[in-house]
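One structure is given here, and the rest of the page talks about it.
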There are 2 protein chains.
Amino acid sequence: MEELKIFAPATVANLSCGFDVLGCCLDSVGDEMLIKKNDLKEVRITRITGQDLPMEADKNVASVAVKALLEQIKSDQGFDIEIDKKIKPGSGIGSSAASSAGAVFAVNKLLGEPFNNKDLISFAMQGELLASGNAHADNVAPALLGGFSLVRSYCPLEVLSLPVPEELRVVILHPLIEIKTKDSRSIIKQNVSLKSAINQWGNLGALVSALYTEDYDLLGRSLHDDIVEPVRSILIPYFKELDELVTKNGALGFGISGSGPSVFALCRGDENANKVKNVISEFYSDKEIDFELHLSSINKKGVKIL
Amino acid sequence: MEELKIFAPATVANLSCGFDVLGCCLDSVGDEMLIKKNDLKEVRITRITGQDLPMEADKNVASVAVKALLEQIKSDQGFDIEIDKKIKPGSGIGSSAASSAGAVFAVNKLLGEPFNNKDLISFAMQGELLASGNAHADNVAPALLGGFSLVRSYCPLEVLSLPVPEELRVVILHPLIEIKTKDSRSIIKQNVSLKSAINQWGNLGALVSALYTEDYDLLGRSLHDDIVEPVRSILIPYFKELDELVTKNGALGFGISGSGPSVFALCRGDENANKVKNVISEFYSDKEIDFELHLSSINKKGVKIL
């Protein structure tokens, strides 16, 4: 096999009470990538469409992640990477993670699978380190594994796959504003009250239970973030109004996707998800901010070959 | 039915990463209680054997919990409560919770079950409030429900029952020293680092997953408390040495039971649990501190009628 075309999905990380440890993979939003072996012993970004991103191999997350993989197995195989970028960078739905995860997934296949998908997470995290200064796993893990990924531990890295309730749907609103990742990180307090932390882990434990038992109502009650959302949400226009609106219209829960500005609503079933999508669209249409809206089921496979 | 004899089990709360939210119920350690209706419109503690505890109805957790229940349904039915106290007060394995939970369980039965067992938790918590100044639920909930109880939220109170892996065993060491609950609480920092909190909720999420999947190794890896154990363990003699000892001998995990001084080791199967119990016994036998050792499976029923 000399080349591979893949779909690299968007993801929602920092899922409410699962800040920094829980993410899920989307079905209907993602990039397409074409990865080819070359004879140059060099990893190159040969084409990017859709967005303006660095072509230099040391500055693009995809090539950086691939190099981390090749270094691990002391391979000097070269690769050309083409990215048709459909996820907007800075949207908060794992744009860099899709590129990193997609690239290492394809390269691993083209090399005869020296690694399994879980092993690939740490290489893809090198892309995240480049993109945000923080090698977090809660976007790249669900991008590679599909479904819900829980990062039990970063050192050593241990990621669990959690079950996906069948009727779960995600509505994503991406207000087209820029929030600098640096700003978004800098406003988070590095110390939190024990009381809030206890609420948070009580909710996360319940959320995990809800995924195993397909208890949608419990899932909704657990989707609270006592710690990061209260500070980060001030950067997101109409956050509180949207929260009230989608809750009133039957969404299970609402929160910030990644570090924003995208927000997500989890819904049960297509009918409710469409309703929630419509009310968000109506609400935002007379605001001064352009936006994109997505409706997706949970992608159980992660990156896939096209 | 005029009287009821019950077994009120001991419990392990503050289960490592589940500080304040996760507890489990023991099988082989507990009190016996006899609760009888009386015609005096009065709740009385008529007999306590085994330990020296207050007989005054306003100072005993069992009668305080029962009064909270009766008040809720505006009942003036009187009860006599006899307690054969086998769990030592201040041991850290839910001594007060057993009395509170046992009393409300029996009274509820004698009144024709106006409440289900989950409803009883909030009444039993009034006993905990009296005993420790803090109406925590992670002892009384597993005492009433059996198995593992997760407190998702205190306000409003929501408690989940989690599955019990069949081969799980608990070894409890109770060093016969006194740690004042006040001291044990006062050394806990009221602010924690976000980094530690993230580790904690990653581990708790994984622990819940391990209970659903019966993954004993994952259960063991998740049993870490980054926040409370590091400070509280200094009050417990030989904590670090015990941790190393039981880990070396195959225990899944080790931690402080409740607010101590008891410590617990979770083990897989009777053979390993007996081994761990024996090495603890040997280690502690030449120390200057008297101790008690228990080995128990997880009690799935909670309080039961004798």
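The values are calculated or read from the model by the stated rules, or taken from the named source; none is laboratory data. Here the structure is a predicted model, which is why all the values come from computation and not from measurement. Every residue, glycine among them, receives a Cβ derived from its backbone with ideal geometry; neighbour counts consider all protein chains shown.
Would you please name the residue that is farthest from A:Val170 (Cα to Cα), looking only at residues in region A:49-94 that are in a strand (DSSP E or B) and modelled with pLDDT of 95 or more?
The selected residue is A:Gly78.
Do the conditions hold for A:Leu173, that is, is it within 14 Å of chain B (Cβ to nearest Cβ), closer than 27 Å to A:Leu295 by Cα, under 17 Å from the mean Cα position of the chain (by Cα) and not in a helix (DSSP H, G or I)?
no
Taking only region A:4-44 into account, find how many residues are under 20 Å from A:Val61 (Cβ atoms), assigned to a strand (DSSP E or B) and hydrophobic (A, V, I, L, M, F, W, C).
Number satisfying all stated conditions: 13.
Residue by residue through region B:163-188, note down the ones that are of a type in the set (Lys, Arg) and out of contact with any helix residue (DSSP H, G or I) (no Cβ under 7 Å at 6 or more places or on another chain).
B:Lys180, B:Lys182, B:Arg185
When A:Ser99 is evaluated against the numbered criteria (1) of a type in the set (S, T, N, Q); (2) within 14 Å of chain B (Cβ to nearest Cβ); (3) part of a helix (DSSP H, G or I), which criterion, by number, is the only one it fails?
(2)
Take A:Ala210 and tell me if it is of a type in the set (Gly, Ala, Ser), modelled with pLDDT of 95 or more and touching a strand residue (DSSP E or B) at 6+ places or on another chain (Cβ under 7 Å).
No: the conditions fail for A:Ala210.
For region B:134-170, how many residues are more than 14 Å from B:Ala101 (Cα to Cα), at pLDDT below 95 and within 16 Å of the chain's Cα centre (by Cα)?
The total comes to 1.
Can you find, within region A:1-12, the residue that is nearest to the other protein chains (Cβ to nearest Cβ) among those that are closer than 22 Å to A:Asn108 by Cβ and surrounded by 24 or more Cβ atoms within 10 Å (Cβ to Cβ)?
The qualifying residue nearest to the other protein chains (Cβ to nearest Cβ) is A:Thr11.
Looking at region B:58-70, is at least one residue out of contact with any Asp or Glu (no Cβ under 9 Å at 6 or more places or on another chain), among the charged types (D, E, K, R) and surrounded by fewer than 24 Cβ atoms within 10 Å (Cβ to Cβ)?
yes
Which count do you get for residues in region B:117-172 that are among the acidic types (Asp, Glu) and surrounded by fewer than 24 Cβ atoms within 10 Å (Cβ to Cβ)?
Summing the residues that are among the acidic types (Asp, Glu) and surrounded by fewer than 24 Cβ atoms within 10 Å (Cβ to Cβ) in region B:117-172 gives 4.
Return the total of residues in region A:132-170 being assigned to a loop (DSSP other than H, G, I, E, B) and either more than 14 Å from chain B (Cβ to nearest Cβ) or closer than 21 Å to B:Asn203 by Cβ (or both).
Looking only at that region, the number is 14.
Restricting to region A:173-189, and then to whatever is at pLDDT 90 or above and more than 18 Å from A:Val228 (Cα to Cα), can you tell me which residue is surrounded by the most Cβ atoms within 10 Å (Cβ to Cβ)?
Ranking the candidates gives A:Leu173 first.
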